[in-house]
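**Student:** Please find one structure pasted underneath; my questions will follow.
The values are calculated or read from the model by the stated rules, or taken from the named source; none is laboratory data. For clarity, every value in this text was computed on a predicted model and none was experimentally measured. Cβ placement follows ideal geometry from the backbone for every residue including glycine, while neighbour counts extend to all protein chains displayed. Surface accessibility is based on the protein's heavy atoms, side chains included, excluding ligands, DNA and RNA. Shrake-Rupley method; radii C 1.70, N 1.55, O 1.52, S 1.80 Å.
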Amino acid sequence: PYTTLFRSTSTPTPGANTWVQLGPVAIPGGQSVGNQALVRVTGRITAIQIHPDDSNTIYIGSARGGVWKSTDAGSTWRPKSDREHSLAIGALAIAPSDSKTVYAGTGEGNVNYLNLADPLNSVRDSYFGGGALVSRDSSETWTLTGQHEFTGAAFYRIAVHPANPATAWAATTAGLFRTTDAGTHWTRVDQGLPQISSTVIAATDVAIDPFTPATVWVAFYGDFVYRSTDAGDAAPVWTRLPFDNILGGTPNRIALAIAPSSPNIVYALAGISIKINPADGLNWPPITTAALFAISDPAATGFTTVKDLNLGSGGFDTYCLSVDVDPTTPANVYLSGLSLFKALVNLPWGSLTDIGQAIHADHHALAFDPQDPKTIYAGTDGGIYKSTDGGQTWIDWLNAGLCITQFESIDQHLFSDALILGGTQDNGTEQFRNSSVFYHSAGGDGGCVAIDPQNPRNMMHEFYAASPARSEFAGAFNSWNDVSYGLPSDDFLSLFYPPFALNPVHPEHIAFGADAVYLDSAQGTGGWPNSVKLPGLIPYTCYVSAILYVNDDVIFVGTTQGQLFRLAPKNGQWTPSPIHAAPLTPGWIWEIAILPGDPNTVFVAMAGYQAPHAWKASVSFDSAGNATAAWSALDGTPANHGLPNTPVNTLLIDPNAPKTIYIGTENGVFRTLDWTQAPAVAWELFSGGLPNTAVYDLKLFGPTRLLRAATHGRGLWERQQ
C-alpha cells in the first residue's frame, strides 16, 4: 500500500526555464522551547553525523529535505541527495573504519503517525521511504539499495560495524535488518525477535558494542530490548531483556545508547503509554511519560529503572526520543524529548538538567565532536544547534544556508510578486519579502494561510487544530489576534492543519473545515455563528480536508475519505449536496479547483496509491435543482505518459491557458497541456531544477507568470512561465 515513485526529478536544461530556490536559507526570530530567546530556525533534522577524523565535516539528514553536508563546521552547507529516490531521511551513519562509506535510510521513523487512535493528524508529516542509500565516496554519489525490503518502511537507526564498513544493521518499521555487503543485500533478522504486528510496531533502535561487535542490542516499539552476543552468525541467538517497572503501562518507542568508554553500561530510554481507562479499548488520549533504564552488568537479565522522567507531553514519547552518552564519561547522558536534558547518572541516579530551553523544541538527534565531547550538536524540528560547553550555551548560526523548511500551504499578495505568506511545520508562519532570509510572522506551527485579495493588509493563518488568527497589519509579528472562538475546542475534532478559505468576491466571508463547515462573515471575528454538518464526518475517522469558496453561491468541500459536497444557499442556509459518485474512488482529497469562469467544472487532487489521483467532474442539476456530478479520471495511462503512482497534494489550472493543469505530487511537479484528452491525458515531469521532494502547494502569480511551489522539506521555489 505504500508503493512510492521510483522516478527522480530531471536535471536543469541550460537555457531553459527551470525552478529557482526562493528560500528560506534563514529564518531569524524563531521560537525556543522556553521562549527565552529568538533563534534561527530552518526545518526538521532527523540525524547528525560528524566525520570521525575531521570535526569540520558534518552530515545531517532532514525530514523531507535529504542529506546535507558541511566541510567547514557548518558555515556553509550543500544538499547531497536532491536527485535521489527519496528525500525523507530517517537515519544516517558513517562507517567508523572507512569514513567515505555513508549510509542513509529513507523513510522517517518518527512514529507519531503509527498505531495511534488519530493517525489522520500526523501521517502527512512523516514519510515512508523506498530503500537505503549507500555512498562509497563521502556522499558524492549514492546507490539505492533494499528497494524490495524497505519500500513502505521507515528508518530509526543504522549502526555500522566498527571494523567492517560493509556490515551494518538497520532498525526500521519493517523490523531489524542486516547487510554484510554494503547494502547489496539486506536480510531481515527474525529468529528469536518479535514480529511486526499491530502491537509491536517497529525496531526503533540498534546499537553495536564498539569493542565486541558480535554483541548487538535492538529495541522494539511495543515490546522490550533484545541482545545477541553472536550477532555475526548466520542465525544469531537473542535474549529478551525486559524493564523492571513500566509504571503499569506499555513501552512505546525505545531508544538505546551504549556508553562508548564503558560498553558494559547500556541505557534504554522508553516512552510509556498508560491508559486512562484500560477498558476503553482506545488507549486515547493516554497518559504519556518516559523512563530511563540501564544495564551495567553483562550478566543481567533485564534493565533496572534509573528514573521516571517527564520529557514533554502530547506524544513526545514517540515523536522525539533519543538517548546519547558522552564518549568519555558514562555518567553524562543526554536525553532528547520536547526539550534536551542532561542527566548525571551516578547509578542508581544523580540529577537532571533541562539544557534545551534556549533552542527550538522537539529533539530528534544529538552528536558529539569526536575531538571534544563538550562540543555537541542537537537536531530539532527547528534545525541544528551547537554548544561548546556541554549544553550551557548554544549557537544557532549553523541553520543559515539550510533550505529544509516544510511548508504546509502558501498564499501570495494579489498585486506584488514580492510577498508570499506560508505556514510551516513547527516553525510558524513565514513571509517571503523578496529576500531568501524570510520574515518570521508568527510562532508555533503554521498550517493554512490566506491573504485578503481586496485588502492584502488583512491576513489569516492558523497554528494547529481549530486555531485561526487574523492580522490587520500585513502579518507583522505580534499583530495576530485569535479568532477561534466559536470553533471546536477539542483538538481531535479537526485535522492538525485544517483547511479554510476566503470568498474571493467578498473576502470578509470565510469557511473553516473541521467536524463541520463553520462560516463567518467577518473573517472569524464574528464568532462563527453558522455551521453546516456533513454526513459521514466522524472524529478520528473522517474530517473536512479541502475547501474551495467559489463565490456567494457556491462552496465545495472535500473530506479525508473522498467525499465531495457542493454547498449552496437555500432558504437562508447553506445546504450540502453530495456529488461524489462512481467512478470517483475513496481517498483523501487535498485540493479542489474549478475551471476559470465555470463553477460547474470541478477538479480534485487526491492522495493514496493504486487509484487515480486527479479527477474532473461535470456538475449538473435535476428539475428540482439537486446537484449531481459525472466523474472522469485525468491520470492517463503508463503507455501514454500518464501520472506515476504517487499521491497528488495540490492542483492548479492556468487561468491564461485553462487546458493546462499543474499538479504537485510527493515527488515534484507534473504538467499537462490538455486535460480535455481524458482518459488519455498525457503528463510531463515539470521539475527541472526542483529537488525530488513533496510539493504541498502551487500558486501562479498572474501579472509576471511566476509559478510558485511550496515544498515540504526543501523550502519555496518558483519558475518563470
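**Student:** Please list the non-local residues whose amide H lies under 5 Å from the amide H of residue 252, H modeled 1.01 Å from N, same-chain partners needing a gap of 5 or more.
**Tutor:** HN-HN under 5 Å from residue 252: 222, 271, 272, 273.
**Student:** Another question, if that's okay. What percent do you get for the relative contact order of the chain when only Cα pairs under 8 Å and 6+ apart count? List each step's numbers first, then the result.
**Tutor:** Numbers: 2218 pairs, mean separation 83.9, N = 721.
Worked out over the chain, it gives 12 percent.
**Student:** Kindly state, as a whole number, the per residue volume in cubic angstrom of the convex hull around the alpha carbon atoms of the range 457-541.
**Tutor:** Working: hull volume 7.3 nm³, N = 85.
Given the Cα convex hull of the range 457-541, per-residue volume reads 86 Å³.
**Student:** With a 1.4 Å probe and all protein chains kept in place, how much accessible area does residue 666 have, in Å² rounded to the nearest 10?
**Tutor:** 20 Å²
**Student:** Tell me, what is the per residue accessible area of the chain in Å², probe radius 1.4 Å?
**Tutor:** Details: 25130 Å² over 721 residues.
Counting only protein heavy atoms, the per-residue value for the chain is 35 Å².
**Student:** So what's the gap between the Cα centers of the range 444-507 and the range 544-595, to the nearest angstrom?
**Tutor:** A separation of 20 Å, based on Cα centres.
**Student:** Further question on the same structure: Over the range 576-692, what per residue volume does the convex hull of the Cα atoms give, in whole Å³?
**Tutor:** Per residue, the Cα convex hull of the range 576-692 comes to 106 Å³.
**Student:** Between [x] 26.1; [y] 31.9; [z] 27.1, which entry matches Kirkwood radius over Cα pairs in Å as derived from the coordinates of this structure?
**Tutor:** Checking each listed value against the structure points to [x].
**Student:** Considering only 366, 418, 428, whose Cα is most displaced toward the positive end of the charge dipole of the range 363-453, charges sitting on Cβ of Lys, Arg (+1) and Asp, Glu (-1)?
**Tutor:** 366
**Student:** Another question, then. Compute, for residue 616, the solvent-accessible surface of its heavy atoms (probe 1.4 Å) with the complete set of protein chains present, and express it in square angstrom to the nearest 10.
**Tutor:** For residue 616, the solvent-accessible surface is approximately 40 Å².
**Student:** Another question, then. Output wanted: per-residue J couplings in Hz (rounded whole) for the range 296-308, from phi through Karplus 6.51 cos²θ - 1.76 cosθ + 1.60, θ = phi - 60°, x for Gly and Pro.
**Tutor:** Per residue, the Karplus-derived 3J(HN,Hα) values read 10, 10, x, 8, 5, 9, x, 8, 9, 5, 8, 6, 7 Hz.
**Student:** Please compute the Cα-Cα pair-distance distribution of the range 296-360 with 5 Å bins starting at 0, giving whole percents from short to long.
**Tutor:** 4, 15, 24, 25, 18, 9, 3, 1, 0
**Student:** Okay, next question. For residue 69, list the aspartates and glutamates whose Cα falls under 16 Å from its own Cα; do not include residues on the same chain fewer than 8 positions away.
**Tutor:** List returned: 53, 54, 82, 84, 137, 140, 369.
**Student:** At 0.692 mPa s and 37 °C, plugging the Kirkwood radius over alpha-carbon pairs of the range 139-205 into Stokes-Einstein gives what diffusion coefficient in µm²/s? Walk me through the intermediate numbers first.
**Tutor:** Numbers: Rh = 12.5 Å.
D, rounded to a whole number, is 262 µm²/s.
**Student:** Under the rule of at least 5 residues apart or a separate chain, name every residue whose amide H is placed under 5 Å from the amide H of residue 534.
**Tutor:** 517
**Student:** Rounded to two decimals, what is the ratio between the C-alpha radius of gyration of the range 412-568 and 2.2 N^0.38 Å? Don't skip to the end; give the middle numbers.
**Tutor:** Values: Rg = 15.0 Å, N = 157, 2.2 N^0.38 = 15.0 Å.
Compactness ratio reported: 1.00.
**Student:** First compute the accessible area of the range 458-540 with a 1.4 Å probe, then give the percent of it belonging to carbon and sulfur atoms. Walk me through the numbers before you get to the answer.
**Tutor:** On the way: 1820 of 3330 Å².
That fraction is 55 percent.
**Student:** Explain nothing, just compute: Karplus ³J(HN,Hα) = 6.51 cos²θ - 1.76 cosθ + 1.60, θ = phi - 60°, for every residue of the range 20-28 in order, whole Hz, x for Gly and Pro.
**Tutor:** 10, 6, 8, x, x, 8, 6, 10, x
**Student:** Right, something else. Using the alpha carbons of the range 448-494, what is the convex hull volume per residue in cubic angstrom, as a whole number? The partial results should precede the final answer.
**Tutor:** Numbers: hull volume 3.5 nm³, N = 47.
Considering the Cα atoms of the range 448-494, their hull volume per residue is 74 Å³.
**Student:** Please quote Rg/Rh for the range 288-434 to two decimal places, taking the Kirkwood radius as Rh and restricting both calculations to Cα atoms.
**Tutor:** Working: Rg = 19.0 Å, Rh = 17.3 Å.
Radius of gyration relative to Kirkwood radius: 1.10.
**Student:** Using a simple charge model, +1 on the beta-carbon of Lys and Arg, -1 on the beta-carbon of Asp and Glu, nothing else, what dipole does the chain show about its Cα centre, in debye to the nearest 20?
**Tutor:** Result for the chain is approximately 780 debye, rounded to the nearest 20.
**Student:** Tell me, what are the semi-axes, in whole angstrom and largest first, of the equivalent ellipsoid of the range 350-439 as set by the roots of 5 times the Cα gyration tensor eigenvalues? Walk me through the intermediate numbers first.
**Tutor:** Working: eigenvalues 223, 36, 19 Å².
Here the semi-axes work out to 33, 13, 10 Å.
**Student:** At a 1.4 Å probe, what is the % contribution of carbon and sulfur to the accessible area of the range 593-721?
**Tutor:** Numbers: 2280 of 4160 Å².
Solvent-exposed carbon and sulfur of the range 593-721 make up 55 percent of the total.
**Student:** Hey, what do the phi angles of the range 253-264 turn into as Karplus ³J(HN,Hα) couplings, whole Hz, using 6.51/-1.76/1.60 and θ = phi - 60°, x for Gly and Pro?
**Tutor:** 3J(HN,Hα) across the range 253-264, in whole Hz: 6, 10, 10, 10, 8, 9, 5, x, 8, 9, x, 6.
**Student:** Would you kindly state how much longer the chain becomes between residue 660 and residue 191 on full extension, computed as 0.36 nm times their sequence separation minus their alpha carbon distance, in nm to one decimal? If you can, show how the numbers build up before the last one.
**Tutor:** On the way: separation 469, 0.36 × 469 = 168.84 nm, distance 5.43 nm.
Full-extension gain reported as 163.4 nm.
**Student:** What lysines sit close enough to residue 533 to cross-link, taking a C-alpha to C-alpha distance under 19 Å and skipping anything fewer than 8 places away on the same chain?
**Tutor:** Filter leaves 570.
**Student:** Still on this model: I'd like to know which of 132, 541, 483 lies farthest towards the positive end of the charge dipole of the chain, counting +1 on Cβ of Lys and Arg and -1 on Cβ of Asp and Glu.
**Tutor:** 132
**Student:** When the Cα centres of the range 137-153 and the range 647-678 are compared, how far apart do they sit, in Å?
**Tutor:** 30 Å
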